[in-house]
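Have a look at the structure below, then the notes.
The values are calculated or read from the model by the stated rules, or taken from the named source; none is laboratory data. This structure is a prediction, so every number in the text was calculated from the model and none was measured. Backbone-built Cβ (ideal geometry, glycine too); neighbour counts: all protein chains shown.
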């Protein structure tokens with residue numbers, strides 16, 4: 001331990017012994033280091049001001065180096081020589097900075113918040129970030145983009161949702177509520193708000209669990225009507241029915257994930273909803289579609305590239321909204337959604353005699369049972385058998401020839 005009044009070194013500070021109570025190492029001129037029983041070491045400057053003894057903490061060691069601590073002490077001593085209390089001046093500066101930061105947060109607009117939410121939260125975490133951006137552009141920003149975040153109230157949120165529901169889109173209103181909740185929770189985390197205006201707001205519409213399964217007649221109508229839509233939309237929707245995979249995963253399919261020779265599509269863990277790599281068998285018609293898409297390949301990355309993309313920016317895949325719009329345009333009678341195609345595949349596999357375990361493996365459902373945690377079998381053979389059987393059954397429903405028989409064209413590229 002250095003003697004009082006002598007300059008100490010980094011080694012002196014590092015090697016200072018711990019005691020049951022805190023104590024100080026003093027260098028002279030009020031500069032020193034306080035050593036706590038927990039091992040924390042902090043620099044201080046002790047001085048007299050207007051007849052009172054004051055202590056100013058300069059910073060923790062080693063976050064603040066010995067050299068920088070001496071520099072901070074010198075600044076404080078210079079202020080003291082001018083008749084200014086350095087501790088009070090620093091406290092005032094911190095209050096002013098805090099007030100400025102608060103004013104900046106309160107001036108934050110919804111447009112800026114939306115942009116920050118997309119870039120810092122949605123895009124790094126959500127496969128459906130493009131859908132969040134679409135909903136913000138369609139319904140939220142036209143109403144709120146110039147408004148300050150702090151001025152949005154629960155009444156504003158309800159008014160926004162009522163307007164969406166009033167145009168005949170109650171489910172879209174529910175989705176918008178979920179989105180603004182996430183966005184305002186993000187604002188709370190960032191300190192723009194103390195609480196979210198979307199808290200305690202009820203969804204405008206009650207959503208029942210969907211049980212929609214397409215009948216043979218509806219499958220035929222669906223398949224044939226697709227001849228009237230764009231090739232990429234047509235092929236994407238048909239692949240949903242042929243593979244049973246999630247629409248977001250189909251639309252984000254990349255050429256590098258496909259093994260056309262072996263007839264497999266490997267969905268990386270980063271894209272899969274359950275966070276696990278998933279191998280999808282590509283049976284007859286599914287593989288035919290992939291080959292047709294390869295013949296009209298418009299992107300070296302995406303199998304389903306988006307439309308009208310700027311050439312100076314990275315290409316993006318199609319969005320799920322484009323599929324939903326296509327279905328909405330011509331779905332009649334009992335409406336259905338792209339996700340209902342996935343449910344239809346699971347049900348039809350059951351009808352073909354494949355048990356729930358194989359269905360879940362095909363659809364890549366998470367198995368949270370103890371057995372599922374320890375079961376490392378790939379089920380590739382079982383999945384292949386299931387999808388081959390579904391391909392044959394679907395050909396029968398559509399009145400198409402068996403694979404290896406008369407050639408069946410999938411029409412229009």
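Against the list (1) assigned to a loop (DSSP other than H, G, I, E, B); (2) over 20 Å from residue 130 (Cβ atoms), the condition residue 344 fails is (1). Listed by position, the helices (runs of 4 or more DSSP H) contained in segment 141-243 that have at least 2 residues being touching a residue at least 24 places away in the same chain (Cβ under 8 Å) and either under 30 Å from residue 399 (Cβ atoms) or over 27 Å from the mean Cα position of the chain (by Cα) (or both) are 216-225, 231-243. Checked against (1) touching a strand residue (DSSP E or B) at 6+ places or on another chain (Cβ under 6 Å); (2) part of a loop (DSSP other than H, G, I, E, B); (3) in contact (Cβ under 8 Å) with a residue 60 or more places away in the chain, residue 280 passes all but a single condition, namely (2). Take the conditions (1) surrounded by 15 or more Cβ atoms within 10 Å (Cβ to Cβ); (2) at pLDDT 90 or above; residue 188 misses just one of them, which is (1). Picking from residues in segment 109-119 that are under 24 Å from residue 271 (Cα atoms) and over 9 Å from the mean Cα position of the chain (by Cα), the one that is surrounded by the fewest Cβ atoms within 10 Å (Cβ to Cβ) is 119. Applying the set (1) out of contact with any strand residue (DSSP E or B) (no Cβ under 9 Å at 6 or more places or on another chain); (2) closer than 27 Å to residue 337 by Cβ to residue 130 leaves exactly one unmet item: (1).
Among the listed residues 103, 69, 77, 16, identify the single one that is loosely packed, with under 12 Cβ neighbours inside 10 Å and either under 30 Å from residue 145 (Cβ atoms) or modelled with pLDDT of 90 or more (or both).
Details: 69 fails: loosely packed, with under 12 Cβ neighbours inside 10 Å; 77 fails: loosely packed, with under 12 Cβ neighbours inside 10 Å; 16 fails: loosely packed, with under 12 Cβ neighbours inside 10 Å.
Testing whether each residue is loosely packed, with under 12 Cβ neighbours inside 10 Å and either under 30 Å from residue 145 (Cβ atoms) or modelled with pLDDT of 90 or more (or both) leaves just 103.
Is it the case that segment 293-305 has a residue that's modelled with pLDDT of 90 or more, surrounded by 14 or more Cβ atoms within 10 Å (Cβ to Cβ) and in a helix (DSSP H, G or I)? Yes, segment 293-305 contains at least one residue that is modelled with pLDDT of 90 or more, surrounded by 14 or more Cβ atoms within 10 Å (Cβ to Cβ) and in a helix (DSSP H, G or I).
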